[in-house]
Amino acid sequence: MTPESHAPAAVRSSCLLVDLDGRTVASLSGPDARRFANGMFTNNVRDLPVGGAQRSAMVDDRGRMVGLMELYCVGPDRFLAVLEGVDWTSFHERYERYVVFDDVELEDVSGQWCLSTLQGRTAAQALTSVGIDLPSEGRFHDHRRGLVMPRDRSGLGGYDLLIRSEHAAELREALAAMSSPRPEGALEVLRVSATKARWPVDMPERCLVHEAGLRDEVLHFEKGCYIGQETINRVDVMGKVKRRLVGLVIHGDTLPEHGAEVRHGDKVVGALTSPVRAGSGEVRALAVLRQPAHQPGTEVVLSDGLTAAVAAVE
């Protein structure tokens, strides 16, 4: 089944507007901001043009994930980072210590912005109907009310809208009129059905980018040196990933508990996360499982007595 088959009926022929307020928006500015960001984060900030947008990961010196972000290049020497699962205090403490001889300023500008996402087959049509030009992949469009970038959070395609606070109510009202009523938890159902992890909810401690299924989204292998690069490159070259993010289809109609142990044979191979009731009637969840349990079709047992199968890649 495709992610769309798990969507509530109203979403299948329309789009879904969801507000994601509460996320930290950090500004990195100054003559050395580009070089600094390129050495801190996993994607290629060095060559990101003004008007360019990308996903990137924050990792420690051993290549282990500590957060995710959407990064917007809003000027030659200025970037906005929308942080996922990381607050301003944690971000500032982690990266301020590297600002030694660099001319770069880190600032919390969360109060200036609101974040929404528009997901579904008609998301592009909804945006153009309210006068917003569509950005191409890897770019964002800066219009009077905010920034729009392609961002698939659902498996159906969509866009993130980083809206200037003073225009948030107006733009959200206009887009809500072009989208379906928001069923409770609809985006979560789509996200899980599309096997898209959310940091830190779906990722175990010391998780690597490859294990979270984010290699192609957030890594670049020709950008130069950055924190954690040695481990990440070694994992990529050797191809020895011991754990992988998978979707699980739970047998029966009981919703398992978040964090339930997942067993394969007599071994604990991971923990279940983000259980949802899908629109198709299935119960689904995510898990980062150790090999060989992450192969599609593998039957596993949960600590609460339920059983599940690793879903096929859709």
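The numbers here are math on the coordinates, done by the rules we state, and not lab data. This is a predicted model, so every value here is computed, not measured. Note: ideal-geometry Cβ built from the backbone for every residue, glycine included; neighbour counts use all protein chains shown.
Go through region 41-46 residue by residue and turn each phi into a ³J(HN,Hα) via Karplus (6.51, -1.76, 1.60, θ = phi - 60°); whole Hz please, and just put x for glycine and proline.
Karplus-based 3J(HN,Hα) across region 41-46 equals 10, 8, 9, 8, 7, 3 Hz.
How big is D, in µm² s⁻¹, for region 200-314 by Stokes-Einstein at 37 °C and 0.692 mPa s if Rh is the Kirkwood radius over C-alpha pairs?
Working: Rh = 15.0 Å.
Answer from the Stokes-Einstein relation: 218 µm²/s.
Please report how far the C-alpha centroid of region 226-270 lies from that of region 191-218, rounded to the nearest whole angstrom.
Spelled out, the Cα-based centre of one part sits 9 Å from the other.
Which of these, Val288, Val235, Val209, has the largest mean-square fluctuation under a Gaussian network model of the chain (Cα springs below 10 Å)?
Greatest mean-square fluctuation among the candidates belongs to Val235.
Would you work out the relative contact order for region 5-138, in percent, from Cα pairs under 8 angstrom that are 6 or more residues apart?
This gives 36 percent for region 5-138.
Using helices alone, what [θ] at 222 nm do you get for the chain, with -39,500 (n - 2.57) per DSSP H run of 4 or more residues, divided over all residues and rounded to the nearest 500? Write out the running numbers ahead of the final one.
Numbers: 8 runs with 59 residues, N = 314.
The per-residue figure over the chain is -5000 deg cm²/dmol.
Please list 3J(HN,Hα) in residue order for region 218-228, calculated via the Karplus relation 6.51 cos²θ - 1.76 cosθ + 1.60 where θ = phi - 60°; whole Hz, with x for glycine and proline.
So the Karplus estimates, Gly and Pro as x, are 10, 10, 9, 9, 10, 8, x, 6, 7, 4, x Hz.
Given H placed on each backbone N at 1.01 Å, which residues far from Val262 in sequence or on other chains put an amide H within less than 5 Å of it?
Under 5 Å from the amide H of Val262: Val269, Gly270, Ala271, Leu272.
What's the local net charge at Glu107, with K and R +1, D and E -1, over the other residues with C-beta under 12 Å away?
-2
What shape does region 242-310 have by the C-alpha gyration tensor, where a ≥ b ≥ c are the square roots of the eigenvalues, rounded means a/c under 1.5, and otherwise prolate means a/b greater than b/c and oblate the rest?
Cα axes put region 242-310 in the prolate bin.
HN-Hα J couplings of region 67-81 from phi, Karplus 6.51/-1.76/1.60, θ = phi - 60°, integer Hz, Gly and Pro as x?
Karplus values, whole Hz, x for Gly and Pro: x, 10, 7, 9, 10, 10, 8, 9, x, x, 10, 8, 9, 10, 10.
For the chain, calculate the relative contact order in percent as a whole number, restricting contacts to Cα pairs under 8 Å that are 6 or more residues apart.
Values: 700 pairs, mean separation 63.9, N = 314.
RCO, the chain: 20 percent.
Say we join alpha carbon atoms closer than 10 Å with springs in a Gaussian network model of the chain; which of Gly39, Gly279, Gly239 then has the biggest fluctuation?
Gly239
Taking the Cα-to-Cβ direction at Arg206 and at Tyr98 and moving 7 Å from each Cα, how far apart do the two end points lie in nm?
2.2
Answer rounded, prolate or oblate for the chain, using the Cα gyration tensor with square roots of eigenvalues a ≥ b ≥ c: rounded when a/c is under 1.5, else prolate when a/b is larger than b/c, else oblate.
It is oblate, given that a/c is not under 1.5 and a/b is not larger than b/c.
Which one of Leu214, Leu68, Leu190 has the biggest mean-square fluctuation once the chain is modelled by GNM with Cα springs under 10 Å?
Leu214
Which of the peptides 133-139, 43-49 is most tightly packed, and how do the rest follow, going by the mean number of other Cβ atoms within 10 Å of each residue?
By packing density, highest mean first, the sequence is 43-49, 133-139.
Relative contact order for region 247-295: what is it in percent, counting Cα pairs under 8 Å that are at least 6 residues apart?
Computed value for region 247-295: 39 percent relative contact order.
Which cross-chain or sequence-distant (5 or more) residues have an amide H under 5 Å from the amide H of Gly63, H modelled 1.01 Å from N in plane?
For Gly63, the qualifying residues are Gly228.
Could you list which residues have their amide H under 5 Å from that of Arg139, counting only those 5 or more apart in sequence or on another chain, with H placed in the peptide plane?
Ala53
Which lysines, on any chain, are close to Lys267 with Cα under 21 Å apart, when same-chain ones fewer than 8 places away are left out?
Here the lysines satisfying the reach criterion relative to Lys267 are Lys240, Lys242.
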